[in-house]
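A short write-up of the structure that comes next.
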Amino acid sequence: MLFIAGGTGFIGKYLLNALSKDGYKVRCLVRTEEKAAACKKVGFDAVIGDITDKGSLKGKLNGCDILVHLVGIIEEKGGMTFEKVHVEGTRNLIDEAKRANIKHIFYQSALGASISSWAKYYKTKAEAEEIVRASSIPYTIFRPSLVVGRGDGFTEKLKELVGLGPFVPIPGSGNGKFQPIYVEDWVKCFLTLFSNGSGFTIHDSQIYEFGGPEHLTYNEIVLQLMEAMGINKPLVHIPVKLIKMSLPFSKISQEVGRLLGKEIPTVTGEQLSLLQLDNICDRDSVEKNFGFVPMMYREALRKFIGHNS
């Protein structure tokens with residue numbers, strides 16, 4: 001049986017949907033009864049708990065073989081910091097996995113994860129990886145580049161930004177490169193490794209870095225998204241330092257935007273800086289590691305973006 005933490009998140013929903021079609025046995029860790037009902041609706045067991053609350057995990061993994069850890073945040077809010085979720089949460093989950101005699105751990109990390117990174121997001125992802133590796137349990141770690149699909153946070157923010165005014169503001173040069181991979185291709189990568197009829201394959205420890213078949217700049221991603229949405233606006237590049245200076249006033253801007261019926265996306269200084277950096281690996285990484293060619297970004301957009309998006 002699979003134990004999935006984060007099954008009601010963006011990637012988790014797609015994974016659960018795929019697993020539900022083939023009779024797999026899954027137990028989901030969820031934080032609310034509402035989310036438990038959503039898991040049970042697709043035929044899976046659900047237990048209430050939170051990886052940041054160690055006591056809530058006690059006994060929840062008993063009887064499971066593989067732990068799938070998909071929990072992560074891209075922005076700190078209130079007490080939900082990168083340290084608390086990525087590091088403390090992972091430590092709590094792995095401690096319970098050891099007690100439950102889990103046979104294999106899957107961890108969703110990120111391309112760029114590094115202990116030496118200045119970015120808290122990447123640094124804490126790498127610290128979580130170290131906790132997984134130190135568990136003495138065989139593991140699989142995925143380090144994907146940008147995962148896109150209906151409901152992904154990156155695309156949702158871009159859609160809001162594109163719809164705001166007569167032009168689209170681009171932080172800095174917009175030349176930072178990304179390697180977007182469609183979420184259903186991510187699921188296919190997972191199933192290629194683990195599915196075995198209605199059971200699961202246990203592997204030796206391995207780390208996979210992968211992304212879609214293209215290296216696209218932020219500018220190109222925005223232009224292709226606008227094309228998919230049927231929108232044509234100029235891109236206006238704004239110095240990152242200038243945008244960062246305005247961040248203390250962003251809450252005021254968001255309130256004004258709501259009064260005017262506009263949703264102004266939130267952004268952090270770290271996110272602005274990360275947009276300037278390349279987040280890429282080999283273009284054929286999926287084909288080499290998982291045996292198929294993932295779809296291009298433009299093709300993926302046609303799957304989940306309509307002109308009314």
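The values are calculated or read from the model by the stated rules, or taken from the named source; none is laboratory data. It should be emphasised that the depicted structure is a prediction, and the values quoted were computed from it without experimental measurement. For neighbour counting, all protein chains shown are included, and Cβ atoms are generated from backbone atoms with ideal geometry for every residue, glycine included.
When residue 61 is tested against (1) over 22 Å from the mean Cα position of the chain (by Cα); (2) assigned to a strand (DSSP E or B), only condition (2) is not met. Residue 67 passes every criterion in (1) outside any strand (DSSP E or B); (2) at pLDDT 95 or above apart from (1).
As a summary of the residue check, residue 162 satisfies the conditions (1) within 16 Å of residue 267 (Cβ to Cβ); (2) within 19 Å of the chain's Cα centre (by Cα) except for the one numbered (2).
Residues checked against (1) polar (S, T, N, Q); (2) within 13 Å of residue 128 (Cβ to Cβ):
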| residue | (1), (2) |
| --- | --- |
| 74 | no, no |
| 78 | no, no |
| 84 | no, yes |
| 88 | no, yes |
| 91 | no, yes |
| 100 | no, no |
| 103 | no, no |
| 108 | yes, yes |
| 111 | no, no |
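Against the list (1) within 21 Å of residue 211 (Cβ to Cβ); (2) surrounded by 22 or more Cβ atoms within 10 Å (Cβ to Cβ); (3) out of contact with any strand residue (DSSP E or B) (no Cβ under 6 Å at 6 or more places or on another chain); (4) β-branched (Val, Ile, Thr), the condition residue 90 fails is (1). Would you check if there is a residue in segment 80-87 being assigned to a loop (DSSP other than H, G, I, E, B), under 20 Å from residue 153 (Cα atoms) and not aliphatic (A, V, I, L, M)? Yes. Listed by position, the helices (runs of 4 or more DSSP H) contained in segment 258-305 that have at least 1 residues being modelled with pLDDT under 90 and closer than 25 Å to residue 119 by Cβ are 269-274.
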